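Below you'll find the structure, written out as structure tokens, and then a few comments.
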Amino acid sequence: MFERIRLRWFVVAAVVCAALVGGTTAAAAQNASSVSLATTDGNVTVTQAEDATIRGTSDLEAGTTLSVRVQSAGDTSPRFLKTSEAIVGEDGNFSATLDFSEIPPGSTFSVSVRNESSALAEAEGVVVEDAASTTATDETTETGIPGFGAGLGALAVAGLGAVALLAGRRA
């Protein structure tokens, strides 16, 4: 009787793991591109200037046109919406230049990067005074698919198989 229960739990666990791995792989196939925005201390930062630049990286094909949209957030005044196009370079980098000369330092915004109709990356940002703070990129915001990948999923299924084998030998 206990062997049947153990076998059922093993089958249930194997089906769940296979579904998770299969679902992650299918979702990854649908959204295989990755776009990251350059951030400092977790925020995209731009200077209060006419030629403020938002930078990022992508694994999209060189020459791909991206739309960068920046919209005021929170209690930022004046409210604003700015858009710019960016072209993915041979090295996978892109940059969009926007006019932030009328936006006071400390103003917050949200930025999104789109390719045609799909959102590829989103992040929060802030306008800063010091131009030097935009040159250092401390971290990037990844927009990959959450969850574990196929490799880790296969390892989990193999581990469950080993546990089931050991449990079967003890019985």
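The values are calculated or read from the model by the stated rules, or taken from the named source; none is laboratory data. What you are looking at is a predicted structure, and each value in this text was computed from that prediction instead of being measured. Every residue, glycine among them, receives a Cβ derived from its backbone with ideal geometry; neighbour counts consider all protein chains shown. These area figures cover heavy atoms from the full protein model, side chains too; ligands, DNA and RNA do not enter into them. Shrake-Rupley method; radii C 1.70, N 1.55, O 1.52, S 1.80 Å.
What the table shows:
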quantity: In nm, spacing of pseudo-spin labels at residue 117 and residue 83 (7 Å Cα→C-beta vector); calculated: 1.5
quantity: Rounded to the nearest 10 Å², the accessible area of residue 91 at probe 1.4 Å; calculated: 110
quantity: Amide H partners (placed H, <5 Å) of residue 128, local residues excluded; calculated: 46, 47, 48, 106
quantity: For the range 52-58, Karplus couplings with θ = phi - 60° (6.51, -1.76, 1.60), whole Hz, Gly/Pro x; calculated: 5, 10, 10, 10, x, 10, 8
quantity: Additional length obtainable on full extension of the chain from residue 90 to residue 53, 0.36 nm per residue less Cα span; calculated: 11.4 nm
quantity: Förster radius 25 Å - calculated FRET efficiency between residue 61 and residue 41 (Cβ-Cβ, nearest 0.05); calculated: 0.20
quantity: Amide H partners (placed H, <5 Å) of residue 100, local residues excluded; calculated: 49, 50, 51, 52
quantity: Surface accessible to a 1.4 Å probe, residue 55 within the full protein complex, Å²; calculated: 130
